[in-house]
Every structure is written in structure tokens, then in C-alpha cells.
Amino acid sequence: MKGLLFILPLIVFGMGLAYAEPLEDIQTTVLDYSNNTATVQITWNEDPSASSYQIGCVSCFPNTVDSTSDNSLVIDNVTPFPNGSLAVLYGIAYDIENNIIAAKQIFVNLSQ
């Protein structure tokens, strides 16, 4: 039993804390969709290693990009690819030194 009490603190303090990766849990909500243009709210998990985020729209014409330090952003004038309702966005997370630490593609069905 004494051996177990000696090992237990080593196990507890020897384990690092587990954090989710930046942009791991992305959720989108189409707030409005009319005349082939949408307003989309994007939220993602908060991550202490990320200091800023850039969210852009690939399918939009012209392409749009917004930046934030929050874990949520509303993008206006989101348009789908021609002849469909699928919009493609992207998210990039930056650390304090402005290095990219994560990048994700975000697919949004605007006609939901």
C-alpha cells in the first residue's frame, strides 16, 4: 500500500493536461438565406494556445475574410458554389507569435 501512495503522485503530476486542438469543435448556423446569399454564424472551441482566428469564404465571390480573437464570428454575404447550396469556408488559428497552429475547411449547407 505504501508503494502505491508513492507512485500515485508521480502518475498524477507526471501527466500533462490535455487540451483540445484549436478549431476542433466547429459549429455553424445559417441565420438568414435569401437571394443566394447567407449570413452564417460560426463558433468553435476556445483554446488557450490560439490568440487570433481568421475565417474566410472560398465559395464567395468575391472571397471574404474576417479576423477575430473571440471564438465566434458572424459572416455576411456568404454565397454557395454555382448551381448548389454548399458554401466552403475556412478557419485558421494563430498563436501569439502569429504562426499558424491549425487550419480547417468548413462546409456549410446554406439551404438547411
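The values are calculated or read from the model by the stated rules, or taken from the named source; none is laboratory data. Fair warning: this is a prediction, and the values are worked out from it, not measured in the lab. Neighbour counts are summed over all protein chains in view; Cβ atoms, including those assigned to glycine, are modelled from backbone coordinates with ideal geometry. When the accessible area is computed, the model is the full protein with side chains, heavy atoms only, and any ligands, DNA or RNA have been set aside. Shrake-Rupley method; radii C 1.70, N 1.55, O 1.52, S 1.80 Å.
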The stretch 54-86 - residue that is over 13 Å from residue 41 (Cα atoms) and among the hydrophobic types (A, V, I, L, M, F, W, C) and, of those, most open to solvent (accessible area, probe 1.4 Å): 61
Tally, over the stretch 54-90, of residues that are more than 18 Å from the chain's Cα centre (by Cα) and of a type in the set (D, E, K, R): 0
Residue 102 being open to solvent by less than 70 Å² (accessible area, probe 1.4 Å) and in contact with a Phe, Trp or Tyr (Cβ under 7 Å, 6 or more places away or on another chain): no
